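Shown next, in structure tokens, is the structure this report addresses.
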Amino acid sequence: MKKIMIIDSSKMWNEMLYSTLTNQNYQCIKVQNTKEIIKMYDTTKPDLVLMETTLQTKVETKNNEEIEVTSEIDTKAGIQYSEQITHRNKNANIIILALSIQPADIISLLTIGVQDIIHKHSLSSSQKNDILSERIKESFLTNKKYDITTAKLKISNMQFNSSFLNQAEIDNILNHSRL
């Protein structure tokens with residue numbers, strides 16, 4: 001049984017993904033605390049990491065000998081953790097989930113070793129189980145790593161919802177070789 005580590009700050013998304021994937025006979029590990037991501041990855045050695053790009057991180061600050069814990073939204077956390085995971089395991093299989101993402105970040109994610117990027121809105125549809133299942137199976141079959149050229153080819157072949165990236169943004173990524 002393949003093991004999937006689910007990392008999303010949203011309890012709703014964590015539960016939805018967990019339920020969907022366990023029903024498809026995957027063993028799932030949910031992680032919501034960003035401080036546990038690397039430790040859990042090292043401990044559980046998942047076959048796939050399914051991670052949101054934007055994560056809620058806890059920040060500890062000292063005020064007059066008291067420790068105050070607050071939460072902050074970090075829009076680059078998924079990218080940073082993907083990079084840490086691929087440094088630990090160059091064969092790590094990672095799929096990113098995103099509500100929105102900067103075009104340059106797509107190239108960064110693919111070139112550090114991320115297998116795929118799925119727009120969360122596509123998973124809100126009635127076909128979410130089919131979409132998720134297909135993309136996960138594809139990642140297990142290919143486990144492809146991308147250089148800049150192949151990352152651009154992957155982007156040109158990705159199915160993006162218009163609220164995720166429009167054609168002008170895709171063309172912009174593909175036309176800038178420095179990315």
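The values are calculated or read from the model by the stated rules, or taken from the named source; none is laboratory data. Keep in mind that this is a model prediction, so the values were computed, not measured. When we count neighbours, we look across all protein chains shown, and the Cβ atoms used for this are built from the backbone with ideal geometry, even at glycine.
Give me the residue from the range 7-26 that is out of contact with any Leu (no Cβ under 9 Å at 6 or more places or on another chain) and surrounded by 14 or more Cβ atoms within 10 Å (Cβ to Cβ) and, out of that set, farthest from LYS76 (Cα to Cα).
Looking only at the range 7-26, we keep the residues that are out of contact with any Leu (no Cβ under 9 Å at 6 or more places or on another chain), and these are 10-12, 14-15, 18-19, 22-23, 25.
Still in the running and surrounded by 14 or more Cβ atoms within 10 Å (Cβ to Cβ): 10, 14, 18.
Working: SER10: 16, ASN14: 19, TYR18: 23 Å.
Only one residue fits best here, namely TYR18.
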### Complete set of residues in the range 102-115 that are crowded, with 21+ Cβ neighbours inside 10 Å and outside any helix (DSSP H, G or I)
GLY113, VAL114, GLN115
### Message
Looking only at the range 84-111, how many residues end up being at pLDDT 85 or above and of a type in the set (Val, Ile, Thr)?
### Response
5
## Note on the structure
Picked from the range 115-148 (must be in contact with a strand residue (DSSP E or B) (Cβ under 6 Å, 6 or more places away or on another chain) and closer than 11 Å to LEU97 by Cβ), the residue modelled with the lowest pLDDT is LYS120
### Query
Taking interchain pairs and intrachain pairs at least six residues apart, which have beta carbon atoms under 7 angstrom, with the first residue in the range 33-46 and over 15 Å from ALA77 (Cβ atoms) and the second modelled with pLDDT of 95 or more and not aliphatic (A, V, I, L, M)?
THR44/LYS3; PRO46/LYS3
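Would you pick out the residues in the range 10-22 that are among the polar types (S, T, N, Q) and without any contact (Cβ under 8 Å) to a residue 60 or more places away in the chain?
Once the filter is applied, which keeps residues that are among the polar types (S, T, N, Q) and without any contact (Cβ under 8 Å) to a residue 60 or more places away in the chain, the range 10-22 yields SER10, ASN14, SER19, THR22.
I'm trying to understand the selection: among the residues of the range 81-99, which are outside any strand (DSSP E or B) and in contact with a helix residue (DSSP H, G or I) (Cβ under 9 Å, 6 or more places away or on another chain)?
At the first step, the residues of the range 81-99 found to be outside any strand (DSSP E or B) are 81-93, 99.
Within the range 81-99, TYR81, SER82, GLU83, GLN84, ILE85, THR86, HIS87, ARG88, ASN89, ALA92, ASN93, LEU99 qualify.
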### Query
Which ones in the range 29-53 are surrounded by 20 or more Cβ atoms within 10 Å (Cβ to Cβ) and not aromatic (Phe, Trp, Tyr)?
VAL31, ILE37, PRO46, LEU48, VAL49, LEU50, MET51, GLU52, THR53
### Query
Which residues, counting only those in the range 18-60, are at pLDDT below 90 and not polar (S, T, N, Q)?
VAL31, LYS35, GLU36, GLU52, LEU55, LYS58, VAL59, GLU60
